[in-house]
Ligand SMILES: [Fe+2]
């Protein structure tokens, strides 16, 4: 009989925070993927509900993982499902740090643990150029999500004048999440 969960942390216990929180989060997301994997809009909303509980108190995150890097935002893998169906990462945003314009080609949910995150969606025009939508700001305890069915070209970064920490859940292996980087004219900068 198949086990309902295959919890195989990729980071040794004790090194990357409270494993019981990460394990509980992974189990909840596994259930969401099993029950709602065919509808990404519903899946993202359900994962956001679970993730909001996890980021409501950031005490389970180790301090060393929450320090910003000078050169760029940090991204650290916390958990990856053995079958590659989803991954969980911790992102740390120094003041002014942000991603390039990019897409995932998979669903993704962000939960803000510390500070605030700003995100902007980009929409292709008839000429192919990308036009930014409104800036959405998500504060600590809140969640936001993107999925390909809704258009998933976007940019994310810290907001305000303090370091931000966010937990990201993606419907793919962590190393494969950022698929294409775009210029504003709509051309692909890198894959
Ligand atoms: Fe993204």
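Each value in this text was obtained by applying a stated rule to the coordinates, not by laboratory testing. Please read these numbers as outputs of a predicted model, since none were measured by experiment. Glycine also receives a Cβ, built like all others from the backbone with ideal geometry; neighbour counts cover every protein chain displayed.
With helices as the sole contributors, the chain gives -6000 deg cm²/dmol at 222 nm; each DSSP H run of n ≥ 4 counts as -39500 (n - 2.57), and the sum is divided by every residue.
Taking other Cβ atoms within 10 Å as a rough exposure proxy, 40, 149 sort from fewest to most as 149, 40. In a Gaussian network model over the chain where Cα atoms closer than 10 Å are linked, find which of 126, 24, 113 has the largest mean-square fluctuation. Greatest mean-square fluctuation among the candidates belongs to 126.
Set the Cα radius of gyration of the range 81-144 against 2.2 N^0.38 Å, with N its number of residues, and you get 1.32.
If R₀ is 30 angstrom, what is the calculated FRET efficiency for the pair residue 21 and residue 189, using the beta carbon separation as r and rounding to 0.05? Display every interim value, and only then the final one.
Numbers: r = 36 Å, r/R0 = 1.21.
Calculated value: 0.25.
Which angle from 0 to 90°, rounded to the nearest 10, does the C-alpha axis of helix 40-55 make with the longest principal axis of the chain? That helix lies at roughly 60 degrees to the long axis.
Largest GNM mean-square fluctuation across 75, 63, 19, computed for the chain with C-alpha springs under 10 Å, falls on 63. Per-residue packing, averaged as other Cβ atoms within 10 Å, sorts the ranges 114-124, 181-191 into the order 114-124, 181-191, beginning with the highest. The simple spin-label model puts a point 7 Å past each Cα toward its Cβ; for residue 175 and residue 137 those points are separated by 3.8 nm. Convex hull volume of the C-alpha atoms in the chain, normalised per residue: 118 Å³.
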